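Trainee: Sharing a structure below in structure tokens format, with a few things to ask.
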Amino acid sequence: MQHRTFLSLLRRLTGASLGLAILVSVQPAQAESPFRLPLISLIMPGLNSEPEAPTPEAALTVHELPAAYPFPQNIDLTSQPNDLWIRIRNGFAMADLNDDLTLHYQQYYQNRPDALRRMVERSRPIMHHIVEELEARGMPTELALLPMVESSFNPMAYSRAHAAGLWQFIPATGKRFNLEQNWWQDQRRDIVASTSAALDYLQSIYEMHGDWHLALASYNWGEGAVKRAVEKNIARDLPTDYASLTMPNETRHYVPKLQALKNIFNNPRLMAQLNIPSISNRPYFTTVETARAMDVKTAARLANMPMDAFVALNPSHNRPVIKASTPLVIPEDKLATFQSNLERTNTPLTEWQAYTLKSGEKLNKLAPRFGIPLAELLRINGLSGKVRLGSGSTILVPSGQGSSDLSLLGNQASLPQIIEPEPAPSRVAEKSTKKEAAKPTGKADHKHANNKTAAKQGKPEHGKASGKTVAVKTGSSSAKPKAGSSKPAATPAKTGKPAVTAKKRG
């Protein structure tokens, strides 16, 4: 029995020794733990001692944090950037068009950086005004780039379809939006009036379609044509977006051109690579009216501006004289100079006055009388070399003998009856005419039909560009050709046509 008791005690001591050894082996790991074993601490106090403090070499490096940036308490969201391109980018609001044509035209423009820079330089005087007008109307600022597509920002651009100016208005549309087209000026070329009319037009066709791409297609092709194209797609259960319509190639390429320009000007890094100049975000010009008529060159001199720079801001004038009470566009930094010089000048403001032709007077006799070459007199009045005016016609002549006030020249776009010298008929023509007259025929009189056609051609097209109209006005519309002359009024020759730089827009 004693033997069994001894063995049992030995087994218990052996088990306790093994358990103690295991606890000792895991004690370093437990020393890092917040949970302590009181029993072990009592048995082996050394295991519960705190570790020694780390040496300076093992200590963590201390980094000093900089003071926080002091943000302003108030942020002014109405402040404008100095660069107008930033302001234009902030106003982009049209849906982007991503197609092969857009990529094609973006590459086209990027491969011609010189042309891009020229367009930007021409846009510099007018771009801020366009952006101001767009923002006032709540319209997308992409439209400020539209004159680059229409006219390359050339205010004298003129197309084969008789579209004129920055925004390329045809005569009928210009008349519809109250752009005057008369003897004195063609407001389709006026940078202020044409911008207002173009934005009015774009607003109206956007309200019609509810889509800016369709509005732009209408601006190029005509709102009626786009409406019919949309109706055709509706009838065929097809989509009616811009890309889905059947349209002419010019209109198909129209919006991608604008999108390509938008992509370029929306990328500051690309603009820097192409060396596109910045535009100051401040007004460039102001308008002023004068109580007296003055010559274009006189106005440029009073503003201390080169003639070509003044004409670039005032391109709508058809004559060398600016009629009284006509707004002049003057750079803001030249306005004080213009007004000061105008107040101090004592010389006449114009070298031209109105003259009414008397019965029997001819231009080739009138020109030497006023000391001006006949060709120059015809050019100033927009006349061809063969034209002959009836009595009562009023024209511009240099100031001098027999001249009268410029108020005699009104604003009517209607033209006088112009008498051209009738060529002497040849003998062969006389014989053939007599023979034809003697022969009976059941056909209509071809000559009479031609006369009707010629009479129609003698009537001017209202709104036609000034370079293609006769620059005269009669005091009476009852001027008659010579007695015995059955030849009706003929259309005068077209003179002074500006360069064709823009494509057709209907």
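The values are calculated or read from the model by the stated rules, or taken from the named source; none is laboratory data. Please read all numbers here as calculations on a predicted model, not as lab measurements. Cβ coordinates were reconstructed from backbone atoms using ideal geometry, including for glycine residues, and neighbour counts include every protein chain displayed. For the accessible areas, the whole protein counts, side chains as well, though only heavy atoms, and no ligand, DNA or RNA atoms are used. Shrake-Rupley method; radii C 1.70, N 1.55, O 1.52, S 1.80 Å.
Trainee: All but one of (1) part of a helix (DSSP H, G or I); (2) buried (at least 19 other Cβ atoms within 10 Å of the Cβ) hold for Leu396; which doesn't?
Mentor: (1)
Trainee: Next question. Please go through region 94-150 and give me each residue that is among the aliphatic types (A, V, I, L, M), under 18 Å from Ala197 (Cβ atoms) and open to solvent by 10 Å² or more (accessible area, probe 1.4 Å), ordered by number.
Mentor: Ala136, Met139, Val149
Trainee: Of the residues that sit in region 344-356 and are open to solvent by less than 40 Å² (accessible area, probe 1.4 Å) and not hydroxyl-bearing (Ser, Thr, Tyr), which one is farthest from Thr290 (Cα to Cα)?
Mentor: The extreme case among them is Ala354.
Trainee: On to the next question. Look through Ser278, Ser316 and report the one residue that is open to solvent by less than 30 Å² (accessible area, probe 1.4 Å), within 26 Å of the chain's Cα centre (by Cα), modelled with pLDDT of 90 or more and of a type in the set (Gly, Ala, Ser).
Mentor: The match here is Ser316.
Trainee: Does region 86-95 contain at least one residue that is in a helix (DSSP H, G or I), under 30 Å from Ala243 (Cα atoms) and under 14 Å from the mean Cα position of the chain (by Cα)?
Mentor: yes
Trainee: Additional query: In region 331-341, is there at least one residue being within 16 Å of Asp295 (Cβ to Cβ) and either open to solvent by less than 70 Å² (accessible area, probe 1.4 Å) or assigned to a helix (DSSP H, G or I) (or both)?
Mentor: Scanning region 331-341 turns up at least one residue that is within 16 Å of Asp295 (Cβ to Cβ) and either open to solvent by less than 70 Å² (accessible area, probe 1.4 Å) or assigned to a helix (DSSP H, G or I) (or both).
Trainee: Please determine, by comparing only the residues of region 357-383 that are polar (S, T, N, Q) and more than 43 Å from the chain's Cα centre (by Cα), which one is least open to solvent (accessible area, probe 1.4 Å).
Mentor: Asn364
Trainee: If you don't mind, another one. Only residues that are closer than 17 Å to Trp167 by Cα and surrounded by fewer than 18 Cβ atoms within 10 Å (Cβ to Cβ): list them for region 215-252, please.
Mentor: Gly222, Glu250
Trainee: Okay, next question. Can you tell me which residues in region 293-304 are in a loop (DSSP other than H, G, I, E, B) and surrounded by 20 or more Cβ atoms within 10 Å (Cβ to Cβ)?
Mentor: Within region 293-304, Ala293, Ala303 qualify.
Trainee: Can you tell me how many residues within region 175-219 are closer than 30 Å to Phe310 by Cα and aliphatic (A, V, I, L, M)?
Mentor: 8
Trainee: If we scan region 156-165, do we find a residue that is out of contact with any Cys (no Cβ under 8 Å at 6 or more places or on another chain) and within 18 Å of Lys262 (Cα to Cα)?
Mentor: Looking for residues that are out of contact with any Cys (no Cβ under 8 Å at 6 or more places or on another chain) and within 18 Å of Lys262 (Cα to Cα), one finds none in region 156-165, hence no.
Trainee: Something else about it: Counting only residues that are among the charged types (D, E, K, R) and either surrounded by 21 or more Cβ atoms within 10 Å (Cβ to Cβ) or under 11 Å from Tyr201 (Cβ atoms) (or both), how many does region 159-189 have?
Mentor: 4
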